[in-house]
Amino acid sequence: MNTTKDKILTYALTPMSWLYGAATWVRNKAFDLGVLKEEKFDIPVVSVGNITVGGTGKTPHVEYIVSSLAMDMNIAVLSRGYKRKTHGFILANSKSTPEVLGDEPYQIYQKYGMRAQVAVCENRRKGIRELLKAFPQLELIVLDDAFQHRYVKPKVSVLLMDYNRPIYRDKLLPLGRLRESRHSVNRADMMIVTKCPDDIMPIDFRLVSKELDLMTYQKLFFSRYEYGGLMPVFPDDSPYRVMLSQLTSSDTVLLLTGIAHPRYFVRHFRNYPFKVKVDHFPDHHDFTRSDLEKLKQKFDGLSGEHKIIVTTEKDAVRLAYNPYYPRSLKAITYYLPIGVKMVNGLDDSNFIDELRAAVKS
């Protein structure tokens with residue numbers, strides 16, 4: 001039941017939401033009519049993005065695309081490099097850091113830098129030109145978080161939606177979390193419903209498909225996360241490996257998160273018998289000395305025969321370069337690798353096969 005405070009907030013934010021919706025409608029209409037120009041490149045461009053603020057799994061899905069296609073194609077990934085402390089076009093190299101590239105592009109470079117070029121640039125058109133100038137043999141460019149960046153006309157647009165936060169139950173900013181109207185879904189060529197539960201049923205596929213009501217030319221896919229074994233954030237300081245399955249009810253795990261929506265991550269740990277504590281910060285949080293001093297105090301105050309800290313893969317990227325991370329905690333700080341697994345949905349179509357065919361058409 002909505003409280004009086006909720007109702008007042010809704011009344012106050014609704015006009016602002018209407019204004020925001022009108023502004024995004026005018027902008028999109030300007031692109032549709034050619035007033036604002038979309039640039040199409042000779043090389044295929046795949047755009048991966050969403051219309052929801054944060055947390056749909058863009059980076060893991062970009063990594064999934066790269067890992068699947070880089071075996072037989074020359075690929076580059078281009079991101080704006082959100083919250084990096086640099087400007088302009090930068091090509092990732094062995095001297096790059098999260099501060100130079102941003103945490104997500106750096107994570108992609110760490111994992112796939114030997115198989116794909118990774119670059120950042122606020123101006124996607126300039127970034128593509130720079131990549132083609134440096135690597136004329138490129139066969140595909142993947143744009144990270146670019147659904148709203150309409151100055152580049154992609155060959156294939158992949159739109160992501162969190163299963164737990166469907167766009168058809170959401171509202172425009174600031175009343176809800178939508179960056180633009182749900183009707184913008186029509187611009188997508190493929191849509192992936194992400195973070196699906198392990199026990200998703202055929203009826204769930206049909207219900208989501210009915211609610212989305214996609215056009216006949218649009219392909220719908222479903223995916224879920226798969227987690228790997230714990231990895232040390234500071235490998236030089238971790239003398240031994242830990243397996244979650246080895247921990248018991250007398251042990252404690254402190255989860256350290258700085259992502260938009262940690263619920264899916266936290267839920268994974270609820271399946272184990274050990275005690276779980278959570279220390280959550282905003283998305284892309286830059287951990288300060290004070291933050292980490294409080295983290296140590298909290299960890300020291302926890303009970304448990306064995307105690308460890310586990311963070312997300314994205315947070316581990318920043319923490320590994322943080323000069324304030326307590327040395328006494330480094331040996332027991334781990335991250336949980338994350339991957340994407342496509343789920344058989346309404347038919348037997350394979351996302352990567354469909355994407356490869358669309359790119360080469």
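A short reminder: the numbers here are calculations on the coordinates, not readings from a lab. A quick note: this is a predicted structure, and the numbers were derived from the prediction, not measured. Positions of Cβ are backbone-derived with ideal geometry, glycine not excepted, and every protein chain shown enters the neighbour counts.
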Overall form of the range 1-74 per C-alpha gyration tensor (a/c, 1.5; a/b vs b/c): oblate
Extended-chain gain in nm, criterion 0.36 nm per residue less alpha-carbon gap, ARG289 and ARG125: 55.3 nm
Reachable aspartates and glutamates, given that their alpha-carbon falls under 12 Å from the alpha-carbon of LYS307 and they are not under 8 places away in the same chain: ASP251
The chain - charge dipole about Cα centre, Lys and Arg +1 at Cβ, Asp and Glu -1, debye rounded to 20: 860
Exceeding the 19 Å Cα-Cα cut-off - candidates LYS85/LYS133; LYS219/LYS341; LYS58/LYS210; LYS7/LYS171: LYS85/LYS133; LYS58/LYS210
Point-to-point label distance, SER94-ALA22, nm (Cα→Cβ direction, 7 Å offset): 5.7
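Which of the three applies to the chain, rounded, prolate or oblate, going by the alpha-carbon gyration tensor with a ≥ b ≥ c and a/c under 1.5 meaning rounded?
Numbers: a/c = 1.59, a/b = 1.30, b/c = 1.22.
Prolate, since a/c reaches 1.5 and a/b exceeds b/c.
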Length added when fully stretched, THR248-LYS360, from 0.36 nm per residue minus Cα-Cα: 35.2 nm
Three-way shape label, the range 229-336, alpha-carbon gyration tensor, a/c 1.5: rounded
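Relative contact order, percent, of the chain when contacts are C-alpha pairs under 8 Å separated by at least 6 residues? If you can, show how the numbers build up before the last one.
Values: 637 pairs, mean separation 69.9, N = 361.
Relative contact order comes out at 19 percent.
Show me 289-299, 26-36, 140-150, 179-189 ranked by packing, highest mean number of other Cβ atoms within 10 Å first. Show your work: numbers first, answer last.
Working: 289-299: 14.6, 26-36: 12.1, 140-150: 22.9, 179-189: 17.9.
Highest-to-lowest ranking by the protection proxy: 140-150, 179-189, 289-299, 26-36.
Anything in the chain that counts as a DSSP H helix reaching 24 Å or more along its axis (C-alpha) with Kyte-Doolittle mean of at least -1.0? List them, would you? Present the calculation step by step, with values, prior to reporting the outcome.
Numbers: long enough: 4-32 (41 Å, -0.16).
Helix filter hits for the chain: 4-32.
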Zone residues, the range 169-205, relative to ASP32, backbone N less than 15 Å from point 7 Å out along Cα-to-Cβ: 180-188
Fewest-first ranking of TYR217, TYR225, using other Cβ atoms within 10 Å as the exposure measure: TYR217, TYR225
log₁₀ of I(q)/I(0) at q = 0.23, 0.28, 0.33 Å⁻¹ - the range 224-270, Debye sum with one point per alpha carbon: -1.13, -1.32, -1.32
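Among ILE51, ILE8, rank each residue by its count of other Cβ atoms within 10 Å, from fewest to most, as a rough exposure measure.
Values: ILE51 25, ILE8 11.
So the ranking, lowest neighbour count to highest, is ILE8, ILE51.
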